[in-house]
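**Q** Below is a structure I'd like to ask you about.
The values are calculated or read from the model by the stated rules, or taken from the named source; none is laboratory data. All values reported here derive from a predicted model rather than from experimental measurement. As a convention, Cβ positions derive from the backbone with ideal geometry for all residues, glycine included, and neighbour counts pool all protein chains shown. Remember, those area values only see protein heavy atoms, side chains included, never the ligands or the DNA or RNA. Shrake-Rupley method; radii C 1.70, N 1.55, O 1.52, S 1.80 Å.
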Amino acid sequence: DTEGNTIAQDVTDTKVSDTGTAYDTTDNKPAKITAEDGTVYYILPQDEVQAGSAPETGKVEEGTTEVTYKKKKAGDVVIKYVDVNGVELQAPVADTTDGKPGSDYNTAEGTEKPTTLTTADGKVYALVPAGDYPVGTVTADNNLASGATPTGTVEAGVTKEVTYIYEEVLSDVIVEYYDT
């Protein structure tokens, strides 16, 4: 990984060969690796080969030539739905799981940002406008300003949390009386 820890078993690319024979390790460079502990890593173009490593293509030299690829941990994006007091209205939803660092995410597409929510007890909640609430400051995108933005890029080894804020929709019951 980017900290120098081994995340997968070494692979022999070219078995015992004559010096001067061409080698190319790119066929042993998967874009994604899942480590034994379940952590997902991605190789990124700007920093594929670790500094001090042999190049990924070249000629076999006497001894062992080691090519070391660096990979970055995947990132996650989670969407939370809470009321103006910070009470969770429904279970969080995963927008991006084990996402490639630098890839885009959007938590406002499809059904991920409903304008209203109905809780298990039948109460209806609607997105709040920008402003200050007991839970914190809400942006024009209806999300908690202290959290992640609704759109952005996945970060290596980070779980970004986008929190949409809702307020209970209250209604009146009016009783009317008429004479005969």
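**Q** For the pairs LYS59/LYS160; LYS32/LYS59; LYS72/LYS123, note any where the Cα-Cα span goes beyond 32 Å. Mind dumping the intermediate values first?
**A** Details: LYS59/LYS160 44 Å; LYS32/LYS59 27 Å; LYS72/LYS123 43 Å.
Checking Cα-Cα distances, LYS59/LYS160; LYS72/LYS123 exceed 32 Å.
**Q** Per the Debye formula with a single identical scatterer at each Cα and no solvent contribution, what log10 I(q)/I(0) holds for region 104-151 at q = 0.20, 0.33 Å⁻¹?
**A** The Debye formula, applied to the Cα set alone, gives -0.77, -1.18.
**Q** For the chain, which whole-number percentage of the solvent-accessible area (1.4 Å probe, protein heavy atoms only) is attributable to carbon and sulfur atoms?
**A** The C+S portion of the solvent-accessible surface of the chain is 47 percent.
**Q** Taking only protein heavy atoms into account and a 1.4 Å probe, give the accessible area per residue of region 54-157 in Å².
**A** Here the per-residue accessible area is 55 Å².
**Q** For region 1-95, what's the relative contact order in percent, using C-alpha pairs closer than 8 Å and at least 6 residues apart? Spell out each step's value before the answer.
**A** On the way: 131 pairs, mean separation 24.9, N = 95.
Relative contact order, region 1-95: 26 percent.
**Q** For the chain, with only Lys/Arg (+1) and Asp/Glu (-1) charged at the beta-carbon, what is the dipole magnitude about the Cα centre, in debye rounded to 20? All intermediate terms of the calculation are to be shown ahead of the outcome.
**A** Values: 13 positive and 33 negative charges, 70 e Å.
The dipole of the chain has a size of about 340 debye.
**Q** What order do ILE7, ILE79 take when sorted by accessible area (1.4 Å probe), most exposed first? Each step should come with its number before you reach the end.
**A** Working: ILE7 30, ILE79 0 Å².
Sorted by accessible area, descending: ILE7, ILE79.
**Q** When the expected Rg is taken as 2.2 N^0.38 Å, what fraction or multiple of it is the alpha-carbon Rg of region 1-112?
**A** 1.54
**Q** Let me ask something additional. Just reorder ASP98, ASP10 by solvent-accessible area, largest first, 1.4 Å probe, all chains present. Each step should come with its number before you reach the end.
**A** Numbers: ASP98 55, ASP10 145 Å².
Largest accessible area first, the list is ASP10, ASP98.
**Q** Please state the charge dipole magnitude for region 90-180, taken about the Cα centre, from unit charges on C-beta atoms (+1 on K and R, -1 on D and E), reported in debye and rounded to the nearest 20. Show your work: numbers first, answer last.
**A** Details: 4 positive and 15 negative charges, 76 e Å.
In total the dipole reaches around 360 debye.
**Q** Right, here's the next one. Per 5 Å bin, what is the whole-percent P(r) computed from every C-alpha pair distance within region 51-180?
**A** Taking all Cα pairs of region 51-180, the binned fractions are 2, 9, 15, 15, 11, 9, 7, 6, 5, 5, 5, 4, 3, 2, 1, 0, 0, 0, 0, 0, 0, 0 percent.
**Q** Considering only region 20-173, what is the antiparallel percent among its DSSP beta bridges, to the nearest 5?
**A** Details: 30 of 38 bridges.
Looking only at bridges with both residues in region 20-173, the antiparallel portion is about 80 percent.
**Q** List the GluC sites (Glu not before Pro) within region 7-104 that DSSP assigns to loop and that have no more than 16 neighbouring Cβ atoms inside 10 Å.
**A** For GluC sites (Glu not before Pro) across region 7-104 that sit outside H, G, I, E and B with at most 16 neighbouring Cβ atoms in 10 Å, the list reads GLU36, GLU48, GLU61, GLU62, GLU66.
**Q** If you average 1/r over all unlike Cα pairs in region 84-131 and invert the result, what Kirkwood radius do you get in angstrom? Mind dumping the intermediate values first?
**A** On the way: mean 1/r = 0.0760 Å⁻¹.
After inverting the mean inverse Cα-Cα distance, the result is 13.2 Å.
**Q** Out of every Cα pair in region 5-59, what percent are spaced more than 13 Å from each other?
**A** Here the tail beyond 13 Å accounts for 69 percent of pairs.
**Q** Turning to a different aspect of this structure: Report the extension gain between LEU170 and VAL93 in nm, rounded to one decimal, defined as 0.36 nm multiplied by the number of residues separating them, less their alpha carbon distance.
**A** Length gained between LEU170 and VAL93: 25.1 nm.
**Q** What's the Kirkwood radius of region 58-112 in Å, using all Cα pairs?
**A** 15.2
**Q** Let me ask another. Between ASP179 and THR26, what length comes free when the chain is fully extended (0.36 nm per residue of separation minus the Cα-Cα distance, one decimal in nm)?
**A** 46.2 nm
**Q** Report relative contact order for the chain in percent, whole number only (criteria: Cα-Cα under 8 Å, sequence separation at least 6).
**A** Over the chain, the number comes to 20 percent.
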